[in-house]
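Remarks on the structure that follows.
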Amino acid sequence: MRTNIKLGLYLLLPTALLALLNHVISKLTGNAFFPAPPLTLLQMQALSDAFAKSIDDSMGGSVESRTIRDAKVLEVRTALIATADYVRAESYGDATKLASSGFELAKKPEPINTVGIPGNVTVTATDVANEVLVRWGKAEGAKMGRVERALSDPTLGTTTWVTVGQTTRQRMVVSGMPSYEACWFRVIGVGKTSEGLPSDVAMGRAA
């Protein structure tokens, strides 16, 4: 995934927006990566000066001064969006170039290395003899679920778990079951590079 920059301009107060504009101007000054921004540095500086004045004037609280300031807010946002688009186009996802522009880098989503435990495991008989349906809830970070079966109650001592299959779905039909005999099931989430702990155990009987 390529590196990108984030804006969030609509969350910034006028003073913070002005600070961002000035930071971008300073970072683009003499920056060989971005020789021809959509607004020249002189135009951006003139906009910054006018915006700063409108913010100062609005401190007096008049409706007219606030209206002028709000208009400058829209103008600055438009200028920064255009500049950010230019920076992205010139950088091709290069983190070093993007960082040098004055814009904040967007955080990359971190890969999930741990795998959660499937919940809500249920086992029900189907309409087919010697068959049960095992269902479970989603496990964080799991790409698939591995279903294991035991023929003895694991709460009564050591038991042997045997894998009966795995699937990318959250359900699996298990056939070849002994009729009306209790069997115990658990599910293990399997991730890209690791697997999680076993789920709680659920008991079921096939018809």
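Here, each number is a calculation from the coordinates, and none is a lab measurement. Everything numeric here is computed off the predicted structure, so don't read it as measured data. In this analysis, Cβ positions are derived from the backbone assuming ideal geometry, glycine residues included, and neighbour counts consider all displayed protein chains.
For segment 187-200, putting each phi into the Karplus relation 6.51 cos²θ - 1.76 cosθ + 1.60 with θ = phi - 60° gives couplings of 10, 10, x, 10, x, 5, 10, 7, 10, x, 7, x, 6, 4 Hz, in residue order, rounded to whole numbers and with x for Gly and Pro. Between helix 14-28 and the chain there is an angle of about 80 degrees, using the helix long axis and the longest principal axis of the Cα atoms.
Relative to the longest principal axis of the Cα atoms of the chain, the long axis of helix 63-91 makes an angle of roughly 60 degrees. With 0.36 nm allotted per residue and the present C-alpha distance subtracted, the Asn130-Trp161 stretch has 9.3 nm of extension available. Residues Tyr86, Tyr92, arranged from fewest to most other Cβ atoms within 10 angstrom of their Cβ, appear as Tyr92, Tyr86. Could you tell me how far the Cα centroid of segment 1-67 sits from the Cα centroid of segment 143-207, in Å? Taking the Cα centre of segment 1-67 as reference, the centre of segment 143-207 is 59 Å away.
Any idea what angle helix 41-58 forms with the longest principal axis of the chain, computed on alpha-carbon atoms, 0 to 90 degrees, nearest 10? Compared with the principal axis, the helix lies near 90 degrees. Less than 5 angstrom separates the built amide H of Ala106 from those of Asn4, Ile5, Lys6, all sequence-distant by 5 or more or on a different chain.
The H on the amide N of Gly165, modeled in the peptide plane, is under 5 Å from the matching H of Val147, each at least 5 residues off or on a different chain. Net charge dipole, the chain: roughly 280 debye, given to the nearest 20, about the Cα centre with Cβ charges of +1 for Lys and Arg and -1 for Asp and Glu. For the chain, the mean residue ellipticity at 222 nm estimated from helices alone is -11000 deg cm²/dmol, where every DSSP H run of n ≥ 4 contributes -39500 (n - 2.57) and the total is divided by all residues, rounded to the nearest 500.
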